[in-house]
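Input: a single structure, listed below in structure tokens.
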Amino acid sequence: MKTKHLYLLLAVFGLALPYAQLIPWVMDNGLNIPLLLDQLFENRISAFFGWDVIISAVVLIIFIIVDGRKNNVRYSWWAVVGTLTVGVSFGLPLYLFLRD
């Protein structure tokens, strides 16, 4: 399997697995952002993961913008959108796919 295809496969998993958790939660609770944030930061270990992902997403977006311009990566903005709408698990492999 070519590396590019592996990145695309990982992007699919990075989209499907997080949304498999989010969609049932939204169906039960609606798009209740205050509740989502309360549950995300409910205890120290979940806050640890929450902050880790938030900081990783900010760093990834900066990297995508800088590296995308430097290497003329077409459609790199899709990886920024993917990071903001899904997360690092989708945005990073998508950007690597686009870059490869």
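The values are calculated or read from the model by the stated rules, or taken from the named source; none is laboratory data. Being a predicted model, the structure only gives us computed values, none of them experimental. Ideal geometry is used to build each Cβ from the backbone, glycine not excepted, and the neighbour counts take in all protein chains shown. Keep in mind that these areas ignore ligands, DNA and RNA; they rest on the heavy atoms of the full protein, side chains included. Shrake-Rupley method; radii C 1.70, N 1.55, O 1.52, S 1.80 Å.
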Would you say Asp100 is open to solvent by less than 100 Å² (accessible area, probe 1.4 Å) and either touching a residue at least 60 places away in the same chain (Cβ under 8 Å) or under 21 Å from Leu17 (Cα atoms) (or both)? yes
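To keep it simple, each residue is scored yes or no on (1) loosely packed, with under 13 Cβ neighbours inside 10 Å; (2) of a type in the set (Phe, Trp, Tyr); (3) under 17 Å from Phe97 (Cα atoms).
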position: Trp25; (1), (2), (3): no, yes, no
position: Asn29; (1), (2), (3): yes, no, no
position: Glu42; (1), (2), (3): yes, no, no
position: Ile45; (1), (2), (3): yes, no, no
position: Asp52; (1), (2), (3): yes, no, no
position: Phe63; (1), (2), (3): no, yes, yes
position: Tyr75; (1), (2), (3): yes, yes, yes
position: Thr85; (1), (2), (3): yes, no, no
